[in-house]
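Here the structure is laid out as structure tokens; the discussion comes afterwards.
The values are calculated or read from the model by the stated rules, or taken from the named source; none is laboratory data. For clarity, every value in this text was computed on a predicted model and none was experimentally measured. Cβ coordinates were reconstructed from backbone atoms using ideal geometry, including for glycine residues, and neighbour counts include every protein chain displayed. Heads up: the accessible areas ignore ligands, DNA and RNA and are worked out on the full protein's heavy atoms, side chains in. Shrake-Rupley method; radii C 1.70, N 1.55, O 1.52, S 1.80 Å.
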Amino acid sequence: MFALTTNPINQIEIPAHLKAPKNGGIVLFEGLVRNHNEGQAVRSLEYECFEEMAQSEGNKIINEAISKFGVKDIYAIHRYGHLEIGEVAIRVAASAPHRHEAFLACQYVIDEIKHRVPIWKKEHYLNGPSEWVACHQCADHGAGHDHDHGHAQGGKHL
Amino acid sequence: MKVKVRYFAALREKVGAGEEMVETDAKNAIELFHQLNKRHSFPLDSSHLKVSINRHYQDWDYGIKADDEIVFLPPVAGG
């Protein structure tokens, strides 16, 4: 299940069915709003989304992960609108009978969301004008690229 | 024919609107993009955008028809 919200994610419960007795573990990823990016101090940011398509792409990604890794349940929720430093921008929870497939599924879902779900981020800086953030490699190579997004939490690409 | 074009992020700000109905004779998405680019001078060229038609990613040469919803998508940055 993929969801979009304008409310603080840490006030939203993870759906109870992810903790069903068949599942032995949940892998949880939370992406936070960072206070710096490429040498600039970030004050806050805005996420904008193409809601209908973000919803359908998000669900597609989750279904792919379920069939690819055999996990039982995946829940991902992305916030949009205005966010302050330290707030949760995205949460992905993957639950499975065993941890290995839950880790793989969680990683797959966050990576694919970053590549494919139509959500945009505008950063407001302490010094300087606000800017739309782009993953330059995605822009250059298209959605089918296979570059490593492992930098995503530390670079311009969050 | 008329199609609906929606704008997000940097394109929305440049156009000054989230959507518009467009009268066009464009056969595909790239022709429509070039026509609209003349009017709006988009801040990104087609090599930096993707296109969705009726909420599915499509290639730039994908044919368009009346009442389609077309979006030129700037590089995404969710997560």
Legend entry - Pairs where the first residue, in segment A:64-85, is away from every other protein chain (no Cβ under 12 Å) and the second is in a helix (DSSP H, G or I) and open to solvent by 60 Å² or more (accessible area, probe 1.4 Å), C-beta under 7 Å, 6+ apart: A:Phe69/A:Leu104; A:Asp73/A:His17
Inset, instruction - Check A:Ile26, A:Ile66, A:Ile74 and return the single one that is assigned to a strand (DSSP E or B), open to solvent by 40 Å² or more (accessible area, probe 1.4 Å) and not basic (Lys, Arg). - result: A:Ile26
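Residues in segment A:87-94: is at least one surrounded by 13 or more Cβ atoms within 10 Å (Cβ to Cβ), part of a helix (DSSP H, G or I) and either within 11 Å of chain B (Cβ to nearest Cβ) or at pLDDT 95 or above (or both)?
Step one: list which residues in segment A:87-94 are surrounded by 13 or more Cβ atoms within 10 Å (Cβ to Cβ), which gives A:87-94.
Going one step further and asking which of them are part of a helix (DSSP H, G or I), we end up with none.
Checked against the condition, which is being surrounded by 13 or more Cβ atoms within 10 Å (Cβ to Cβ), part of a helix (DSSP H, G or I) and either within 11 Å of chain B (Cβ to nearest Cβ) or at pLDDT 95 or above (or both), segment A:87-94 yields no hits at all.
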Inset, instruction - State which residue is nearest to A:Phe2 (Cα to Cα) when the search covers only segment A:54-82 and only residues that are touching a Pro at 6+ places or on another chain (Cβ under 9 Å) and among the aliphatic types (A, V, I, L, M). - result: A:Ala54
Inset, instruction - Specify the residue that is nearest to the other protein chains (Cβ to nearest Cβ); the eligible residues are those in segment A:29-48 that are in contact with a His (Cβ under 9 Å, 6 or more places away or on another chain) and open to solvent by 20 Å² or more (accessible area, probe 1.4 Å). - result: A:Glu46
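Within segment A:118-131, take every residue that is in a strand (DSSP E or B) and either at positive phi or buried (at least 20 other Cβ atoms within 10 Å of the Cβ) (or both) and give me the one that is farthest from the other protein chains (Cβ to nearest Cβ). I'd like the intermediate steps shown before the answer.
If we filter segment A:118-131 for residues that are in a strand (DSSP E or B), which is where we start, we get A:119-125, A:131.
Among the residues that remain, those that are also either at positive phi or buried (at least 20 other Cβ atoms within 10 Å of the Cβ) (or both) are: A:119-121, A:123.
Working: A:Ile119: 3, A:Trp120: 4, A:Lys121: 4, A:Glu123: 9 Å.
Of everything passing the filter in segment A:118-131, A:Glu123 is farthest from the other protein chains (Cβ to nearest Cβ).
If you check B:Tyr62 against the conditions, is it touching a residue at least 24 places away in the same chain (Cβ under 8 Å) and aromatic (Phe, Trp, Tyr)? Full working, then the answer.
Working: touching a residue at least 24 places away in the same chain (Cβ under 8 Å): yes; aromatic (Phe, Trp, Tyr): yes.
Yes, satisfied.
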Legend entry - Pair list, Cβ < 6 Å and 6+ apart or interchain, from segment A:23-38 residues that are over 28 Å from A:Leu126 (Cβ atoms) to residues that are outside any loop (DSSP other than H, G, I, E, B) and of a type in the set (D, E, K, R): A:Gly25/A:Arg99
Inset, instruction - Could you grab the pairs with beta carbons closer than 8 Å, sequence gap of 6+ or different chains, first residue in segment A:114-126 and in contact (Cβ under 8 Å) with a residue 24 or more places away in the chain, second one among the charged types (D, E, K, R) and open to solvent by less than 10 Å² (accessible area, probe 1.4 Å)? - result: A:Arg116/A:Glu57; A:Val117/A:Glu57; A:Pro118/A:Glu57
Legend entry - Evaluation of B:Lys65 against (1) exposed (fewer than 14 other Cβ atoms within 10 Å of the Cβ); (2) within 14 Å of chain A (Cβ to nearest Cβ); (3) not in a helix (DSSP H, G or I) (one fails), failing number: (2)
